[in-house]
Amino acid sequence: MMKVAITGNVASGKSVVATIWAREGIPLVSADDLARAAVEPGTPGLRAIGAVFGDEVLLPDGTLDRDGLRRLVFRDAGLRKRLEKILHPRIAALRDAWMAGEAGKGSPLVAAEIPLLFELGLEGDFDATVLVHAADEERCRRLVESKGLGEDEARRIMEAQMPAEDKLDRATYVLHNSGSLDDLEARALALLDLLRARAAGKGT
């Protein structure tokens, strides 16, 4: 089974690529989805977050206030690291279980969307890595327009990640996303064809 990681800094378009590949039938797991599963009501993950951050990060229905927690941790690097220590091992365990399940099904090619792939040093766990890349100013504009964030908050979120330029040489493949969605889709599908050929032992 060939394992491919899709990554990219916030608002680069990595989730768009993941959605396109999933639509094409590629089994895909998202770190964001796993993070939600790790903090569902009643889970050890949510209890651990409550113990560190208090009830102020919980909504009235007992679920995690993800927006409130995001605002909190992107203003305090120490709190962000404490949150990461809670979440990352749980996300990794859920991803490993998912990968094992796909291997058992005989899936020839699977993909995982992992925003912090290089920050966490996980690239060695995959046969290929795909970096979706867009310029900083474009990503900031997307965050402000799509998430309704102020520019200061958008830039704090961006600055919490490794600079995208530092990842270009580390990725197996780079998908540039400075044009239209149609352009990105065409590039994503062309790369998928190449990876399918590699997975089938026909490509290099």
Extension length gain for Arg170 and Lys147 (0.36 nm per residue less Cα distance), in nm, is 5.4 nm
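With +1 on the Cβ of every Lys and Arg and -1 on the Cβ of every Asp and Glu, and nothing else charged, how large is the dipole of region 59-142 about its Cα centre, in debye rounded to the nearest 20?
Using only the charged Cβ atoms, the result is roughly 380 debye.
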Cα-Cα separations in the chain greater than 23 Å, expressed as whole percent: 48
In Å², and per residue, what accessible area does the chain have when probed at 1.4 Å with the other protein chains present? 51
Where the accessible area of the chain is counted over protein heavy atoms with a 1.4 Å probe, how much of it, in %, is carbon and sulfur? 51
How large are Rg and Dmax for region 131-204 when calculated on the C-alpha trace, in angstrom? 15.3, 48
Give me the Kirkwood hydrodynamic radius of region 1-93, using the inverse of the mean 1/r over all pairs of distinct Cα atoms, in Å to one decimal. 14.8
Can you find, among Ala190, Met162, His176, the residue sitting farthest towards the positive end of the charge dipole of region 141-200, where Lys and Arg contribute +1 and Asp and Glu -1 at Cβ? Ala190
Indicate the gyration tensor shape class of region 61-174 (rounded, prolate or oblate), computed on the Cα atoms with a ≥ b ≥ c the square roots of the eigenvalues: a/c under 1.5 is rounded; otherwise a/b larger than b/c is prolate and the rest oblate. oblate
Would you compute, from DSSP H runs of 4+ residues alone, the mean residue ellipticity of the chain at 222 nm, taking -39500 (n - 2.57) per run and dividing by the full residue count, rounded to the nearest 500? -16500 deg cm²/dmol
Computed over region 135-204, the relative contact order (Cα-Cα under 8 Å, seq sep at least six) in percent reads 18
Straight-line reach only, C-alpha to C-alpha below 14 angstrom: list the aspartates and glutamates that Lys3 could link to, leaving out same-chain residues fewer than 8 apart. Asp96, Glu102, Glu113, Glu123, Asp125, Asp127
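The values are calculated or read from the model by the stated rules, or taken from the named source; none is laboratory data. Quick caveat: nothing in here was measured; it's all calculated off a predicted structure. Please note: Cβ atoms are built from the backbone with ideal geometry, for glycine as well, and neighbour counts cover all protein chains shown. Just the protein is used for accessible areas: all its heavy atoms, side chains included, with ligands, DNA and RNA removed. Shrake-Rupley method; radii C 1.70, N 1.55, O 1.52, S 1.80 Å.
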